[in-house]
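Reviewing the structure listed below.
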Amino acid sequence: MWVFAGTTHLGCVRERNEDSYSIEESHRILVVADGLGGQPAGDMASWKVATSLPQILKKRLGTGEWGPTAVRNALLWTVSTLSHGLYEEAKESSSLDGMGSTVVAAVLLDDEAVICHLGDSRAYLWNRGDLLLLTRDHSLHRLLLESGAAPAVDPGYEDTRSYVTGYVGMPDEANPEVVRCRMRPGHRLLLCTDGLSGEIDQESLARVLGAPGTPEEICQMLVDEALKNGGHDNITVIVAERIGSDDSSFARGRRVAVP
């Protein structure tokens, strides 16, 4: 059994909220999207992604059994299709030229989450005190770090965090990634925009995700923590928790060792 909740907040600096999220309860589809900052219609782009993705995905999968392999393939196709469609729509109007959005989406199966992402919105897994990063940022900052060109402690490279190398609506072919994560009762899954991940250190993130409370309460605690640290961007989070009698603990993912 799953319980989940989401929320979004303008933050303390931005004049408008360009984040969006959606929760499709019947098929347990969770979506978080972040419109590209500084580009036209970022709020429209994220809204289109958050609201269209579940509908396209459900149509693609149909009424058959939603196994993990079928969900994986359908998510990749759906995000790529959305990206092409958003780009073609933007070309038709000069006021929309360049619009785009990140996305991180999850489909919750019985004991597994299938997560697809493009851009720098993230998914984390809290596993009974162990925090794992399940996604990797599609960003210039990550590429520079991996190449050794950008020391993690060098403030001169901070601006590269805002440049994403992949997003929904990009002119080139989109290459989203998928990760599958085994979920046990007591595990919590977090989907979020960089307004959260860029504002809270990993120790604090693990502490809040491990706090007692409902998903609604954990979402609000995360937003409050980001606001306390400045709230420099829009903040959007979804928290899902698997509940049941199984007391085991297991997870696969990338440990949080990312700046």
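No value in this document is a laboratory result; all are computed from the given coordinates. In this text, all values refer to a predicted model and were calculated from it rather than measured experimentally. Cβ sites come from the backbone with ideal geometry, for glycine too, and all protein chains shown count toward neighbours.
Which residues, counting only those in the stretch 86-111, are without any contact (Cβ under 8 Å) to a residue 24 or more places away in the chain and of a type outside the set (D, E, K, R)?
S93, S94
Take the residues of the stretch 200-247 that are among the aliphatic types (A, V, I, L, M) and assigned to a loop (DSSP other than H, G, I, E, B): which is surrounded by the most Cβ atoms within 10 Å (Cβ to Cβ)?
This residue is I200.
Is there any pair linking a residue in the stretch 164-187 that is basic (K, R) to one that is assigned to a loop (DSSP other than H, G, I, E, B), with Cβ under 7 Å and at least six apart or on different chains, and which?
Close Cβ pairs satisfying both conditions: R182/D111; R182/F250; R182/A251; R182/R252; R184/D246; R184/S248; R184/S249; R184/F250.
Out of (1) in contact with a Pro (Cβ under 8 Å, 6 or more places away or on another chain); (2) surrounded by fewer than 22 Cβ atoms within 10 Å (Cβ to Cβ), what's the single condition that is false for V31?
It is condition (2) that V31 fails.
Among the residues of the stretch 112-129, are any free of Cβ contacts under 8 Å to residues at least 40 places away in the same chain and within 20 Å of R184 (Cα to Cα)?
No, the stretch 112-129 contains no residue that is free of Cβ contacts under 8 Å to residues at least 40 places away in the same chain and within 20 Å of R184 (Cα to Cα).
So which residues in the stretch 200-217 are farther than 17 Å from L132 by Cα and free of Cβ contacts under 8 Å to residues at least 40 places away in the same chain?
Result: P212, G213, E217.
Can you go through R14, R60 and tell me which one is among the basic types (K, R) and either surrounded by fewer than 17 Cβ atoms within 10 Å (Cβ to Cβ) or on the phi > 0 side of the Ramachandran plot (or both)?
None of the others qualify; the one that does is R60.
Report, by residue number, each residue of the stretch 39-77 that is touching a residue at least 60 places away in the same chain (Cβ under 8 Å) and touching a helix residue (DSSP H, G or I) at 6+ places or on another chain (Cβ under 9 Å).
Q39, A45, V49, L75
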